[in-house]
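Single-structure report; data block below.
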Amino acid sequence: TGVTGWCLATYDPNSGRSHRLVLDCKGPGGFIELAAKLNPNKVQYGAFCVSAEQAGTRVRKFVCLTWVGDEVAGMARAKVSMHRQAVDNYFEGTVASLSLTSLDDLDPDVVRQQVGEA
């Protein structure tokens, strides 16, 4: 099997009030491939890999993100703050955490800048 470069999770529509997260999709590419899978009707949590050099060695690090699509209802938006940190903590080696809410936030140059500042 290939290397997974990104993943997205969303709330399980069959979990009732438990707010259980399930894998929504994943892929081998990077942020641009992930961004194409963000849904304006969903809250999605995810991570993608970036390469960085540390002490002369290339290492993979995670950037976590929270996506709240612009068509997500108010109650669903409210529970995001309760779950964001738990999702970020799931990924070891996280170097940045992004909150994205609009297509304007998906500019790879802006994301690159935010990750670089972390």
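The values are calculated or read from the model by the stated rules, or taken from the named source; none is laboratory data. No experiment lies behind these values; they were computed from the predicted model shown. So basically every Cβ, Gly included, is an ideal-geometry build from the backbone, and we count neighbours across all protein chains shown. Side chains are part of the model used for accessible areas, which takes the heavy atoms of the whole protein and leaves out ligands, DNA and RNA. Shrake-Rupley method; radii C 1.70, N 1.55, O 1.52, S 1.80 Å.
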>> Could you check the stretch 32-77 and list, in sequence order, the residues that are in a helix (DSSP H, G or I), modelled with pLDDT of 90 or more, in contact with a strand residue (DSSP E or B) (Cβ under 8 Å, 6 or more places away or on another chain) and open to solvent by less than 40 Å² (accessible area, probe 1.4 Å)?
In response: 34
>> Return the residues of the stretch 96-111 that are surrounded by 13 or more Cβ atoms within 10 Å (Cβ to Cβ) and modelled with pLDDT under 85; say none if nothing qualifies.
In response: 105, 106, 110, 111
>> Can you tell me which condition residue 11 does not meet? The list is (1) buried (at least 19 other Cβ atoms within 10 Å of the Cβ); (2) closer than 15 Å to residue 99 by Cα; (3) of a type outside the set (A, V, I, L, M, F, W, C), and all the others hold.
In response: (2)
